[in-house]
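Presented below is the structure to which this report refers.
We did not get these values from a lab; they are worked out from the coordinates using the rules stated. From a predicted model like this one, the values you see are computed outputs, not experimental measurements. Heads up, the Cβs are rebuilt from the backbone with ideal geometry, glycines too, and the neighbour counts pull from every protein chain shown.
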Amino acid sequence: MRRVPTEGGDALSVPDSTTGDSRPSKGSPVDPTAVDLSVTIPTRRGGWHWDHPILPASGTFGYGEEFEPFIPPGTFAAIVPKSISREPRKGNPPPRCIETPAGLLNSIGLQNPGLEVFKERYLPMLRCYGAPILVNVVGKTVEDYQHVVTALHEEEGIAGFELNISCPNVKEGLQFGLDPEATGALVRAVRSVTDAPLVAKLTPNVTDIVEQAQAAEQGGADVVSLVNTLRGMAIDWRTGRSRIGTPTGGLSGPAIRPVALRMVYEVATAVSIPVCGIGGISDPEHVLEFLVVGASIVQVGTHLYRDPACLLGWLERLRELLAAEGYESSAQVQGSFST
Ligand SMILES: Cc1cc2nc3c(=O)[nH]c(=O)nc-3n(C[C@H](O)[C@H](O)[C@H](O)COP(=O)(O)O)c2cc1C
């Protein structure tokens, strides 16, 4: 990364390659088993040091238990459970999910058992999986976020918190993610009560996601993750009604990948903190696409419904893909995009 001046006079951090510098040189094909997928993410409390860069996306992995028959949940670099709020939430009326031509439209509405049940029932179970836990938090007020974080931040096994300020399916919560000032204020308020790593999860439903990312960085986020779902609709024209229980829902899956890639690219060139890429990843090649445009880590969501055990094959495939191009590590392609 290097700093370049902008028209406004502020310096931006950009990967060298986005300014036209050449990609790291590739060697001759290497032994796939020797390819290093490990990542080190500088965060508070000593950073994250993981064997590979792939996490499950919140809300698509439950609390891990449904995945046990398919894959040891701890195979993921870290586990991101479903959003947790201070009080339990019932969520939206059904139907809550509908398949679209290239994705999924959902209107879950952040159903979750609330902080106390999470702490008593799910957290001990999640710890048994052996992977760090990145707790995804949602709230109606700043105090809600602070409350959940302070109730959990000294708990064993917690790697940090992903602040969901981006869900399109509830009336509250998204408001924080739509306005840079509110985003910055929320992150700053949570930062004031904890030294735990904080990830700000951003919505794509804004005109300029870079403003949100910069506000989160200035507020004290260690990482930004993007994107959450894009607002969409699915209509039955015969009845004139929505095909899901609410008029609008959140679109995820392959359809949103080009949008997510573009946003990750824009954000990665504009902030100095690491970026977690999310949106439509359904193949190991997609993981590499996100790394190339500047993501340091990624999350896989909707694709887990199709292939819950995909990660097992993906790690091997990632090594093969990189090795075939002469790369010895995934770090060599990270941020290597050139125009
Ligand atoms: C059914 C469903 C439920 C979700 N629930 C949450 C949630 O509770 N919290 C959250 O931050 N994101 C939630 N998301 C958004 C995902 O974490 C992810 O950001 C989004 O689906 C884009 O990634 P994908 O295209 O790989 O699914 C949900 C997505 C789906 C499909």
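Structure notes:
- Dipole of the chain [Lys/Arg +1, Asp/Glu -1 at C-beta], most positive-end residue of Ala182, Gly74, Phe337: Ala182
- In terms of its Cα atoms, the stretch 195-339 spans 56, 38, 35 Å along the principal axes, sorted from long to short.
- For the stretch 143-167 versus the stretch 94-134, the spacing of their alpha-carbon centroids is 15 Å.
- Peptides 207-216, 28-37 ranked from most to least packed by the mean count of surrounding Cβ atoms within 10 Å: 207-216, 28-37.
- Think of the chain as having a plus end and a minus end, set by charges on the Cβ of Lys, Arg, Asp and Glu; of Val193, Cys167, Gln299, Cys167 sits farthest toward the positive end of this dipole.
- Which of Cys310, Cys276, Cys128, Cys97 has the fewest Cβ neighbours within 10 Å, and the rest in rising order: Cys128, Cys97, Cys310, Cys276
- Note on the chain: helix-only mean residue ellipticity at 222 nm, from DSSP H runs of 4+ residues weighted -39500 (n - 2.57) and normalised by residue number, equals -7000 deg cm²/dmol.
- Net charge dipole, the chain: roughly 920 debye, given to the nearest 20, about the Cα centre with Cβ charges of +1 for Lys and Arg and -1 for Asp and Glu.
- For the chain, the number of Lys pairs with C-alpha atoms closer than 23 Å, counting only pairs eight or more positions apart or on separate chains, is 14.
- The smallest convex shape that holds all Cα atoms of the chain, its convex hull, gives 135 Å³ per residue.
- Average projection area in nm² (convex hull over Cα atoms of the stretch 167-251, one quarter of hull surface): 6.0
- Rounded to 5, the percent of DSSP beta bridges in the chain classed as antiparallel: 45
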